[in-house]
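Some notes on the structure that comes next.
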Amino acid sequence: MQVLTRLINYWRDFVKSYVTVASFRWLVIGVLVGCFSGLVAAGFFWLVEVGKFIIQHNLAGIVSPEPAGEGIFHGPAGQFRPWIIPVFTTGTGLLTGWLVNRFIPETINGGTDGTDATINAFHNHGGIIKARVAIIRGLCSVLTIASGGSAGREGPITQMGAGVGSWLSKKLDFSAKERRLLLLAGAAGGLGAIFRAPLGGALTAVEVIYREDFEAEAILPSVMSSVVSYSIFTFFFGTEPIFGIPRFTFNDPRELIFYALLAFVCAAVGWMYIRTFYYIKYHIFVPLREKIGLMWAMGLGGLTMGIIGIAYPYTAMNGIVTGGVLSGGYGWLELAILGQIPALGMCYIIVGKTLATSVTIGSGLSGGMFAPALFVGGMSGGLVGKLGHKFFPDIVTQPGAYILVGMAAFFAGVANAPIGPLIMVTELTQGYGLLAPLMLASALCLVLSRNVSLYEHQVENKFDSPAHAEDATINVLEQMHVSDFYNPGDVVVLEESTTLKALTDIIANSDQLYFPVRREDGWYSGMVSIHNVRNWMFEEGLHELVVVRDLMSRPVYVRPDYDLYQALLRFVNTDYGQIPVVAQTNTSDIIGLINRDDVFQAYAEAIAEVKQGEEILE
């Protein structure tokens, strides 16, 4: 019974010390963010599907293939009127331009898409996304995708989910650091729900903000938010994955050669994809925006997208005309996985999708680059699978698997996110049968695409982010050492048996404020502060009764080889004004003192250098 009681007490102490104070708090917050972001994701998805059904299906008479897990509205297509598409895309461009220019002009140069805007908010705006920005960009994205603009849902819902996290952090009066974590938790919730991949969404959200790092502190709230958001989303739209495809497996080690080739193909196409986008954005639409204004430039972008959408390409499917580059294109990916698109058709669609996406997002229309990137990556992988199966049918037995691996490898390369997309694909396929080729292709593509990035506001790592300026300061302090800042020389060291009367005389004849104390055997055992002695100095009746042992506090020291960050932590933890510096080989051999003011001054100068560097970069 006593053992059981002791175990219960240990568990209670553990919960109080760790879970309740920190982890449990973030679990609760993650659930809260997930509830809101899940509802937002469900509403956004429904609006997009309604808009597509009305504009493309009923009004334009264009029926694009839908993946098995989507297509919530069904019915006969309307009369074939392809001109409806450029009319609506042009109108969407003009409306988006007017709304942005009128209400949220600060977002004009805010990022490539919703995901990039979220990255920008994390690094440069203290984790703040204004509510009107998320709402306006979200509604404009609905119109863009519904009217046929080549854009995805993932980017907008990432920004809207991040906006939910930012809004909640404001209501809860969180610090800037906590606000950034909630920003990522909201983004993870939106992404995990809309893609129906809770773990992949959470990991993508925390790793996509850096090229060579990830935000470890955000993993717990992001995972909780993504799981809850996914659960709410599937309550409305079911738990079926996006693609209705067979399970693929990896059985022949020789096939790794083709998956390695896939990585090279995806890296090459990724370079083309990003170069095309940036060229169209910065060499065509940005100058055009300065000449004719934002609204008219966006309108022209919408018109161009509409023309591309109805002219490139048209495919007859059972007598129904379909558009190959309209909206997200997941239905086309499913057809390709099932082997219903030839290799030449894949090449044709890759070029068209790259142009259409570059025009749509490059002109400033709202939407995401995530889905088009998966589309282009999947078709690129499909080319390798098709050709491999044609010439080596005994080795490449499942060409559809290359489309899934191409999706993950391509996005890993262009977004510098190696883990999240890989997990997403395993969630889509509901198994780990392709894990080995996914890891190989993603790693190779990541290395080959080292110098390109889909998101303009990504930074290399935490030390390059203004959000982690204090970490950069720590890095600076770690380069400086105590040996350059302490005052060497004789130090007044007290004995534990020294009386208060003798201590009063010592203080009167010394300029020290803090005194190390040693035992009879010479071992350094504690510290005495002049501030602690003042209350007793004028009590003459205690002068012979109180000794230094009664007044001292815990010992602390630094060595000359310690870095200044280690010294700073000791000052912060003890609140001492001076700390003894001891010899490297003997911690009782006190060779000097280091002053708190000197370390704090070095800390202030380090912060000033970091801020000066940020101003230069800006």
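Tabulated values for the structure
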| item | result |
| --- | --- |
| ³J(HN,Hα), Karplus 6.51/-1.76/1.60, whole Hz, each residue of the range 127-136, x for Gly, Pro | x, 9, 10, 5, 4, 5, 5, 4, 5, 5 |
| Helix axis angle, 24-52 relative to the chain longest principal axis, alpha carbon, degrees | 20 |
| In the range 176-249, trypsin sites (Lys or Arg not before Pro) in a DSSP loop with at most 11 other beta-carbon atoms within 10 Å | R247 |
| In degrees, nearest ten, helix 596-617 long axis to first principal axis of the chain (Cα) | 20 |
| Read-out mean projected area of the Cα convex hull in nm², derived from the coordinates shown; its label in (i) 69.3; (ii) 30.8; (iii) 37.3 | (iii) |
| Solvent exposure ordering (accessible area, 1.4 Å, most first) of D563, D598, D490 | D490, D598, D563 |
| C-alpha long axis of helix 435-448 to longest principal axis of the chain, angle in ° | 80 |
| Partner aspartates and glutamates for K281 [C-alpha distance under 16 Å; skip if fewer than 8 residues away on the same chain] | D113, D116, E290, E456 |
| Burial ranking of peptide ranges 395-406, 156-167 (average Cβ count within 10 Å, highest at the top) | 156-167, 395-406 |
| Within straight-line cross-link reach of K386, aspartates and glutamates at Cα separation under 19 Å, skipping those fewer than 8 residues along the same chain | D252, E255, E334, D394 |
| Potential extension, N101-V28 segment - 0.36 nm per residue separation minus Cα distance | 22.5 nm |
| Prolate/oblate/rounded label for the range 171-233 (Cα gyration tensor, a/c 1.5) | oblate |
| Cα-based convex hull volume of the range 54-151 per residue, rounded to whole Å³ | 114 |
| The range 28-106: GluC sites (Glu not before Pro) in DSSP loop, at most 15 other beta carbons within 10 Å | none |
| 5 angstrom amide H check on I591, placed H, neighbours 5+ away | V581, V582, A583 |
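The values are calculated or read from the model by the stated rules, or taken from the named source; none is laboratory data. Computed from a prediction, not measured in an experiment: that's the story for all the values here. In this analysis, Cβ positions are derived from the backbone assuming ideal geometry, glycine residues included, and neighbour counts consider all displayed protein chains. These area figures cover heavy atoms from the full protein model, side chains too; ligands, DNA and RNA do not enter into them. Shrake-Rupley method; radii C 1.70, N 1.55, O 1.52, S 1.80 Å.
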